[in-house]
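See structure below.
The values are calculated or read from the model by the stated rules, or taken from the named source; none is laboratory data. Predicted, not measured: the structure shown is a model, and the values here were computed from it. Note that we place each Cβ from the backbone using ideal geometry, even for glycine, and neighbour counts take in every protein chain shown.
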Amino acid sequence: MSIIIVASVLFSILTPDFCLLEFMPTKIAKIVASNSHVDYVGRIIDALDSDAPPQSSDYGFAQFVSMPLEDESEVIGVIYDSQLANPDYASFGPRLSPRADLSVLSPDYLNEQGVLVGILLLGWRDVERKIHQTVPRRVVPANQDVYHVDEKNVQSFHRDARGGVQLHYYSQIITHAGSFAVALLEAILEQLEPACTPEEKQRLCVLKQTLQWQRTVGGMRI
């Protein structure tokens, strides 16, 4: 009986910690460069950076990301582009060591290969947890950690004070995402639609039709 009591006490003490670990955000990248105030480049962390690198599903197209800053505010962005960094491409020089040996003799050589992602900033969450869907005023510093945003927080970012769906960064995406703008907005709408009310789904449907029209007209050759 005493063993059961001790076990139940330990479970009650340890369970909250395990729950917290289960819902900790996944770090997926570090900021390495920027193209503008709202267009940043992140390098996906790999096995040499972390014992638990992110899965490819954690940094796909239209994946929302967060960058917590030192003042406890949080910049929110979305992945809209990706590039492979591979110094071996078009390199015809001889290999001095097998690839398996390079991980021991020269791990930095392997670390030059990686994945870069384009991150478009869409807004921020202030210290009072209030959502702002507009251009962030803060500059994101180099080496800033980038975290995966789960579905629950994606939905939270798209709700106003009355609980209605909002998409105030529409013009930012159209302006800065280039040829990926329409596809990016369509992918975002697909993420938002399951949690919307019937009235909100009708509004999103109208927006989808507008995007489809833009895609059609944009592909025409006159």
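Give just the number: which of (1) surrounded by 14 or more Cβ atoms within 10 Å (Cβ to Cβ); (2) basic (Lys, Arg); (3) assigned to a helix (DSSP H, G or I) does Arg215 not satisfy?
Of the numbered conditions (1) surrounded by 14 or more Cβ atoms within 10 Å (Cβ to Cβ); (2) basic (Lys, Arg); (3) assigned to a helix (DSSP H, G or I), the odd one out for Arg215 is (1).
Are any residues in segment 142-166 among the polar types (S, T, N, Q) and surrounded by fewer than 11 Cβ atoms within 10 Å (Cβ to Cβ), and if so, which ones?
Asn143 - this is the single residue of segment 142-166 that is among the polar types (S, T, N, Q) and surrounded by fewer than 11 Cβ atoms within 10 Å (Cβ to Cβ).
Please pick out the residue among Asp88, Asp49, Asp81 that is farther than 18 Å from Pro141 by Cα, modelled with pLDDT of 95 or more and charged (D, E, K, R).
None of the other options fit; the residue is Asp81.
Taking segment 69-78 only, how many residues are surrounded by fewer than 20 Cβ atoms within 10 Å (Cβ to Cβ) and at pLDDT 95 or above?
So the answer is 0.
Is it the case that Val135 is surrounded by fewer than 17 Cβ atoms within 10 Å (Cβ to Cβ), among the aliphatic types (A, V, I, L, M), more than 30 Å from Ser50 (Cβ to Cβ) and touching a Phe, Trp or Tyr at 6+ places or on another chain (Cβ under 9 Å)?
It is true that Val135 is surrounded by fewer than 17 Cβ atoms within 10 Å (Cβ to Cβ), among the aliphatic types (A, V, I, L, M), more than 30 Å from Ser50 (Cβ to Cβ) and touching a Phe, Trp or Tyr at 6+ places or on another chain (Cβ under 9 Å).
So which residues in segment 32-74 are more than 21 Å from Gln191 (Cβ to Cβ), among the β-branched types (Val, Ile, Thr) and in a loop (DSSP other than H, G, I, E, B), if there are any at all?
Ile45
Looking only at segment 42-63, which residues are surrounded by fewer than 19 Cβ atoms within 10 Å (Cβ to Cβ) and under 11 Å from the mean Cα position of the chain (by Cα)?
Ser57, Asp58, Gly60, Phe61, Ala62
Can you tell me which residues in segment 120-138 are assigned to a loop (DSSP other than H, G, I, E, B), touching a Leu at 6+ places or on another chain (Cβ under 9 Å) and among the aliphatic types (A, V, I, L, M)?
Val135, the sole residue that qualifies.
In segment 167-205, what residues are β-branched (Val, Ile, Thr) and either surrounded by 16 or more Cβ atoms within 10 Å (Cβ to Cβ) or in contact (Cβ under 8 Å) with a residue 40 or more places away in the chain (or both)?
Ile173, Val182, Ile188
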